[in-house]
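Report on one structure; see the data block that follows.
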Amino acid sequence: MKRIIDSVGPCTLRPNPDRFRMLVNSIISQQISTGAARAIRKRLDELVGDEGVTAASLSRYSPEQLRTAGVSPQKARYVLDLAIKVNNADIDLQNIGRYSDDKVIEQLTIVKGIGKWTAQMFLIFSLGRPDVFPHDDLGVRSAIRDQYGLDELPDLATSTAIASKWRPHASLASWYCWRSADVGKTTGNR
C-alpha cells in the first residue's frame, strides 16, 4: 500500500454532503461511461432548473419526462422510487448517518436499483465512513491484482485477506486503489 500511496499522492477524498443527489448520481452512472453519466446529470440539472435535484423536485416528473434528460426508463423508475421513499420517510437521509454501516446498507437497498455496492459507495463518498471494503468493486479488485502481483482478479477470500491489513482504514485504502488505476493510465504503467 505504501507504493500506491507514494504514486498517487495525498488523499483528496471528501464526503459529499448532498446525500440524495449522490444516490441519484450513483443510479444514473450504473453501467454507462463516465462521459455519458456526466451528460445525463447535466441534462437532468437543466430539466429541474433552479430547484435542483431533490426528492421533492424529482417527484413531480414522470419517467417519460426524465427520459427527455437521457435517463433510461429503468433508471427513471429507480430514481423515482428513491424520491418516493425519501418523501415518505421510508429512508431518512438526514439522520441515516447515525446508523451502523449494515443498517445503512439495509435501508438503502429497499430502493429499486440500489444494491450493496451502491450503498457501500454512499458509505464512503457521502457519509465518510472510514472502514468500508467494497470487495465486489472491479476497480478495487483490479488494483489488488495489479499492485499485489496476482495473475487474476482476487476472489472474496483473497481480497478480504489482503484488505484485512488495511483495517480500520479500508475506505481510504480502497480510494487509493481506485486512484492507482488513474495513475497507471496517465503514466502508461499497469
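The values are calculated or read from the model by the stated rules, or taken from the named source; none is laboratory data. Predicted model, so just to flag it, every value in this text is computed and none were measured. Cβ atoms come from the backbone with ideal geometry, glycine included; neighbour counts cover every protein chain shown.
When you go through 38, 60, 43, 129 one by one, which is the residue that is out of contact with any helix residue (DSSP H, G or I) (no Cβ under 7 Å at 6 or more places or on another chain), within 25 Å of residue 15 (Cβ to Cβ) and not hydrophobic (A, V, I, L, M, F, W, C)? If you could, list the steps in order and put the result at the bottom.
Values: 60 fails: within 25 Å of residue 15 (Cβ to Cβ); 43 fails: within 25 Å of residue 15 (Cβ to Cβ); 129 fails: out of contact with any helix residue (DSSP H, G or I) (no Cβ under 7 Å at 6 or more places or on another chain).
Within the list 38, 60, 43, 129, the selection yields 38.
Looking only at residues in the stretch 111-167 that are basic (Lys, Arg) and without any contact (Cβ under 8 Å) to a residue 24 or more places away in the chain, which one is nearest to residue 74 (Cα to Cα)?
For the stretch 111-167, the residue satisfying everything is 116.
Residue by residue through the stretch 1-16, note down the ones that are surrounded by fewer than 14 Cβ atoms within 10 Å (Cβ to Cβ) and assigned to a helix (DSSP H, G or I).
Residues satisfying the conditions are 2, 3, 6.
Hey, among 78, 61, which residue is among the hydroxyl-bearing types (Ser, Thr, Tyr) and in a loop (DSSP other than H, G, I, E, B)?
From the options 78, 61, the qualifying one is 61.
On the phi > 0 side of the Ramachandran plot and assigned by TED's automatic domain parsing to the domain that holds residue 117 - does that describe any residue in the stretch 71-86?
Quick first cut of the stretch 71-86, residues on the phi > 0 side of the Ramachandran plot only: none.
Looking through the stretch 71-86, none of the residues is on the phi > 0 side of the Ramachandran plot and assigned by TED's automatic domain parsing to the domain that holds residue 117.
What residue, of 129, 141, 60, is exposed (fewer than 14 other Cβ atoms within 10 Å of the Cβ) and basic (Lys, Arg)? Walk me through it before giving the result.
On the way: 129 fails: exposed (fewer than 14 other Cβ atoms within 10 Å of the Cβ); 141 fails: exposed (fewer than 14 other Cβ atoms within 10 Å of the Cβ).
Being exposed (fewer than 14 other Cβ atoms within 10 Å of the Cβ) and basic (Lys, Arg) holds for just one of 129, 141, 60, which is 60.
Working carefully through the options 111, 53, 71, 104, find the one that is crowded, with 16+ Cβ neighbours inside 10 Å, at pLDDT 95 or above and in a helix (DSSP H, G or I). Can you show your working first?
Values: 111 fails: in a helix (DSSP H, G or I); 53 fails: in a helix (DSSP H, G or I); 71 fails: in a helix (DSSP H, G or I).
Testing whether each residue is crowded, with 16+ Cβ neighbours inside 10 Å, at pLDDT 95 or above and in a helix (DSSP H, G or I) leaves just 104.
So residue 6 fits all but one of (1) touching a residue at least 24 places away in the same chain (Cβ under 8 Å); (2) not assigned by TED's automatic domain parsing to the domain that holds residue 74; what number is the exception?
Failed condition: (1).
Which condition breaks for residue 41 when tested against (1) under 18 Å from the mean Cα position of the chain (by Cα); (2) touching a residue at least 24 places away in the same chain (Cβ under 8 Å)?
Going through the list (1) under 18 Å from the mean Cα position of the chain (by Cα); (2) touching a residue at least 24 places away in the same chain (Cβ under 8 Å), residue 41 breaks only (2).
Residue 48 fails exactly one of the following numbered conditions: (1) touching a Leu at 6+ places or on another chain (Cβ under 9 Å); (2) loosely packed, with under 12 Cβ neighbours inside 10 Å. What is the number of that condition?
Among (1) touching a Leu at 6+ places or on another chain (Cβ under 9 Å); (2) loosely packed, with under 12 Cβ neighbours inside 10 Å, the lone unmet condition for residue 48 is (2).
Checking the condition outside the structural domain of residue 31 (by TED's automatic domain parsing) and at pLDDT 95 or above, which residue from 171, 142 passes?
One residue alone meets the criteria, 171.
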